[in-house]
Every structure is written in C-alpha cells, then in structure tokens.
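Here is the structure we will look at, set down as structure tokens.
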Amino acid sequence: MPTFSLLLLPGDGIGPEVMVEVERVISLLNKKGKSEFKIQSDLVGGAAIDKYGKPLSDDGLAKAKASDAVIFGAVGGPKWDKVPYEIRPEAGLLRLRKDLDLFANLRPAICYPALAEASSLRREYVEGLDILILRELTGGTYFGEPKEIVTLENGQKRALDTTVYTTSEIERIARVAFDLARKRRNKVHSAEKRNVMRTGVLWNEVVTATHAREAKDVELHHILADACAMQLVRNPKQFDVIVCDNLFGDMLSDEAAMLTGSIGMLPSASLGAPDAKSGKSKALYEPVHGSAPDIAGQGVANPIAAIASYGMALRYSCGLAKEADIIDKAIANTLARGLRTGDIMQPNMRKVGTTEMGSAILEEVEKLLAA
Ligand code: NAD
C-alpha cells in the first residue's frame, strides 16, 4: 500500500478549526482508501512564537523537509501584531517557502455550479470555470536587488524595485506549466509584458524555447499580462493554465479568485523542484485565506479551502488523481445539497458551521469512495 507522510501546520485563528476537518478526511481515506497517510503536526506562526519564541522551530522545518507534503492552515492575528518584524507569524511561512525552495505557486480558480451566482460575473461566464494560475514565487520584482528608497540631493526621494529573472528561473516554471497542462486540458497561456519590459522579452524567449524543446505536445499561447487581465473578465473559460512572473501572478491570481466567489473556497499549492533521484517535489498546500481573527473560535469558518488544499496534495504530491477528484466532487455535491457557511450564504440555502460542513463533505467522500 503506498504510504505518504504529511506534516500538518494548523497555525492560528481559524487555521486549527479548518485543519480539524482536513484531519477527518485524512482519517477516512486511511480507513477506506487504498493508501496510507502518516501524519505529524507542529506549531507555526503565533502559536509557535508563544511556545518556541519563533514562528517555526528548527524541528518543524526539518519535519517539513522530510514530508511528502506540508498542509498549512493560516497564521497571524492581533495578539502578535507587535512582535519584532523578523519573528512575525508570517515569517514562519516565508521560511518554509524559502528553505523548501517553493518557486511554483498554483492557484486554481474553480467555480462550482452551485456557487455561480456568487461570482461578480454573470452565471454563463463562470459556471464550470476551471483555470489554474501558475505564479513564479521566488524571483522577480519582489526579491530583485537593488530594492531601496534613497534621498536625492534635491531633497526628493527615489524608490527603486528591480525586476530580474534568469534563464533557468523561467525554464523551470515553464516546465511546471507544461507538466500541469498535460494533466488538464493541455493548454498554456504565458503572460508577460515583452512590449515594455526586458524581463518580458527574456520570459517570452525562454518559454518559447522550452516549449519547442520539451513540450511541443502542449498548446502554447503568448499574451500580454494586461490583455490577460482583461480577457479573464471578458471570457475566462478560454484559459486552462496561465503562467506568469511573481508580480503579474499576484495580480492575476487575485483577479481570477474573485470570479469564483468567496476567499473561504480557494486552495493553493506551492511546489519546489523535483528531486534528481526520487523525482518528488517539496510541496506546501494552504488555503488562500488568512487566520480570520474576526470569526476565530466561533465554529463558523468555511473549511472548504483547507479540504480542497488537501485534495491538491493528493493530486500533485501523491499522484492520487482519483481520490483528488473525489474530494472535489464531494465539495461540489455538498454545495449542491444547499449547505452554506456564512461567507457563501445565499437566499434559501441552509446555513451551517465548520463542523457540519466538514461532516457533510465527509459523508459525500464516503459515498464516492464506495461507488
Ligand atoms: P483573512 O483571509 O484572514 O480574512 C478576510 C475576511 O474573510 C474576513 O472577514 C474573514 O472572516 C473572512 N474569511 C477568511 N477565511 C474565511 C473562511 N475560511 N470562512 C469564512 N470566512 C473567512 O484576511 P485578513 O483579515 O486580511 O488577515 C487576518 C490575519 O491573517 C492577519 O494577521 C494576516 O496577516 C493573516 N493572513 C495570513 C495568511 C496566511 O497564513 N497565509 C494569509 C492572509 C492573511
């Protein structure tokens, strides 16, 4: 029986509340599925600051490195607003991203038919939408040096950010895009600004060359990032995988997210480079939402993003596409039954809390596993 090791890092606020529901799904798959998941847990974020004086212990990091996948909840909250910048709760997540070299950020935007009315676009534009934004996560404008604000002789200030990419950084993210597309509808749009940015010119050249060398079987389109933003609201269903740099990915993934309704619905994955020997990539899966201090402790948080993040781990770290499809279908079926947490509540639907939503998804998973 294939065995997978998972590290659960629930974190703060609603993180632990939604992680409980993830654990119930894992236990069910351990009982009824065809694989075994070995679970370890640790503290991260504010909870780790309280216990270890830093937002991720060395032991926690070592466990993350040794796991097939890390499932992350959320970190932060007013209690830790005044801790020193270097040890703020988010620094735990940033350390994981950096030390595991998680350069590829996958943000699916899926519109469940039952929630099509919750989108800001009309139903026919978003119903059945299933696109994947692939954002380069460790390079580009957010990390390029120099990065500074200097005072000029005339008293004015000048701010500078540097956008920088190398061939290998672009190649490796392009490769991930083509691999992902092969598991989906086999189409990649590469978005950049080659008309005004040198990094856009290189991005375009390297993606084109990588495609010609390694991925001719995948349909490739180039699109200017601003045109892509426009097309995402004009005709989002034309896309399958969109690959872009760190800055444009940040914008485009938030835009795509809003096509689907609530932040409580959105999972994400961050992947590292495949290991030369095992072919496995380090990986972290997390809901897009934060720790939601305004609703923490009330039992009302939507657990769907967290459960769907585990579903992504099944697909991308465990090679269990069938089980991943079951999780997605179970979520769709639960929504079709009319159950809604507060964040996605609609007229004539039944409002439920975190546990009841988790239980309903669990029931659906059990039915689908037996089918
Ligand atoms: P947030 O995502 O925590 O909350 C935004 C709004 O969405 C809130 O009204 C919240 O109640 C609601 N919401 C979020 N997730 C929900 C869910 N699953 N179910 C129902 N409603 C949900 O963002 P924020 O308020 O800007 O940040 C709160 C804290 O989270 C801050 O400390 C921030 O730094 C941190 N944060 C952490 C992460 C992370 O851990 N990756 C990401 C974003 C924000």
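The values are calculated or read from the model by the stated rules, or taken from the named source; none is laboratory data. Note that the coordinates shown come from a computational prediction; the quantities given were computed from them, not determined experimentally. Note: ideal-geometry Cβ built from the backbone for every residue, glycine included; neighbour counts use all protein chains shown.
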Right, Lys54: without any contact (Cβ under 8 Å) to a residue 24 or more places away in the chain and either more than 18 Å from the chain's Cα centre (by Cα) or closer than 28 Å to Arg172 by Cβ (or both) or not?
-> no
Just a yes or no: is a residue in segment 203-211 surrounded by 21 or more Cβ atoms within 10 Å (Cβ to Cβ) and of a type in the set (Ser, Thr, Tyr)?
-> yes
Tally time: how many residues in segment 340-355 are in contact with a strand residue (DSSP E or B) (Cβ under 7 Å, 6 or more places away or on another chain) and either among the charged types (D, E, K, R) or surrounded by 19 or more Cβ atoms within 10 Å (Cβ to Cβ) (or both)?
-> 4
Of everything in segment 216-242 that's under 20 Å from the mean Cα position of the chain (by Cα) and part of a strand (DSSP E or B), which residue is nearest to Lys193 (Cα to Cα)?
-> Ile242
Check whether at least one residue in segment 174-182 is part of a strand (DSSP E or B) and either β-branched (Val, Ile, Thr) or within 30 Å of Lys322 (Cβ to Cβ) (or both), and report yes or no.
-> no
Among (1) over 30 Å from Gly60 (Cα atoms); (2) touching a helix residue (DSSP H, G or I) at 6+ places or on another chain (Cβ under 8 Å), which single condition is Pro146 missing?
-> (2)
Please work out if Gly358 is within 15 Å of the ligand (Cβ to nearest atom), assigned to a helix (DSSP H, G or I) and either under 22 Å from the mean Cα position of the chain (by Cα) or over 26 Å from Met1 (Cβ atoms) (or both).
-> yes
Which of (1) free of Cβ contacts under 8 Å to residues at least 40 places away in the same chain; (2) within 16 Å of the ligand (Cβ to nearest atom); (3) crowded, with 19+ Cβ neighbours inside 10 Å is the odd one out, the single condition Val25 does not satisfy?
-> (1)
Can you pull out the residues in segment 269-305 that are within 15 Å of the ligand (Cβ to nearest atom), of a type in the set (Gly, Ala, Ser) and either on the phi > 0 side of the Ramachandran plot or at pLDDT below 95 (or both)?
-> Gly290, Ala292, Gly297, Gly299
Being under 19 Å from the mean Cα position of the chain (by Cα), within 8 Å of the ligand (Cβ to nearest atom) and either more than 20 Å from Arg184 (Cβ to Cβ) or outside any strand (DSSP E or B) (or both), is that true of even one residue in segment 306-324?
-> yes
